[in-house]
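Data block below; observations after.
The values are calculated or read from the model by the stated rules, or taken from the named source; none is laboratory data. Nothing here was measured: the structure is a model prediction, and the numbers come from that model. Here the Cβ is made from the backbone with ideal geometry for all residues, glycine too, and neighbour counts use every protein chain on show. Protein only, heavy atoms only, side chains kept; ligands, DNA and RNA dropped before computing areas. Shrake-Rupley method; radii C 1.70, N 1.55, O 1.52, S 1.80 Å.
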Amino acid sequence: MERTIAIIKPDAVKGAHIGEIIAAIEAEGLAIEAMEFMRLSAAQARGFYSVHEGKHFFDRLIEYMTSGPIVALVLAGEEAIPRWRTLMGPTNPEQAAPETLRGRFGQSLTFNAVHGSDAPETAAYEMSYLFGGRHLNGLRA
Ligand code: CMP
């Protein structure tokens, strides 16, 4: 059993793709253990993406991630991290297969519709960063 963070990013929320993305998660058989509609402040977005601080795209990324509300989810299942990453497709939508979420909804390397944790340690950091302990409320027995 593994857990991962999924984010439906501001461009996908604005584009009215929340339902289609959640449907893809459910069709893949990943369990949704927590889900929250939220708006990140600039400080929260910088902290969430602190590994990218100093990179040339960082300011653009923060501006994008604070440009509107997001939907943050905790997904759980066997191999949840690689399965969610496969469903998303590669970071750059131009390289993403058309059936992946970034292939369907991503517009550019920055505006790429969804986020997923890249490793168990990152998932733990991102879960506690976005949900505190609140995601534990929805845990199955
Ligand atoms: P994500 O998977 O959320 O992780 C970091 C985000 O930064 C990434 O998706 C993109 O939205 C953005 N990003 C990553 N690399 C670049 C890049 N080279 N240029 C612009 N934006 C990027």
The residue that is farthest from residue 35 (Cα to Cα), considering only those in segment 94-124 that are touching a Leu at 6+ places or on another chain (Cβ under 8 Å) and hydrophobic (A, V, I, L, M, F, W, C), is 101
Got a number for residues in segment 96-125 being within 12 Å of the ligand (Cβ to nearest atom), in a helix (DSSP H, G or I) and open to solvent by 10 Å² or more (accessible area, probe 1.4 Å)?
2
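Taking segment 1-17, which residues are outside any strand (DSSP E or B) and closer than 17 Å to residue 64 by Cβ? Write out each step before concluding.
Going through segment 1-17, the residues outside any strand (DSSP E or B) turn out to be 1, 9-17.
Those that are outside any strand (DSSP E or B) and closer than 17 Å to residue 64 by Cβ: 9, 10, 11, 12, 13, 14, 15, 17.
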Just one of the numbered conditions (1) within 12 Å of the ligand (Cβ to nearest atom); (2) in contact with a helix residue (DSSP H, G or I) (Cβ under 6 Å, 6 or more places away or on another chain) is not true of residue 66; which one?
(1)
Quickly run through segment 49-63 and pick out the residues that are near the ligand (Cβ under 9 Å from one of its atoms) and hydrophobic (A, V, I, L, M, F, W, C).
51, 57, 58, 61
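Which of the following residues is small (Gly, Ala, Ser), touching a helix residue (DSSP H, G or I) at 6+ places or on another chain (Cβ under 9 Å) and within 21 Å of residue 104 (Cα to Cα): 12, 31? Step through it out loud before you land on a result.
Working: 31 fails: within 21 Å of residue 104 (Cα to Cα).
It is 12.
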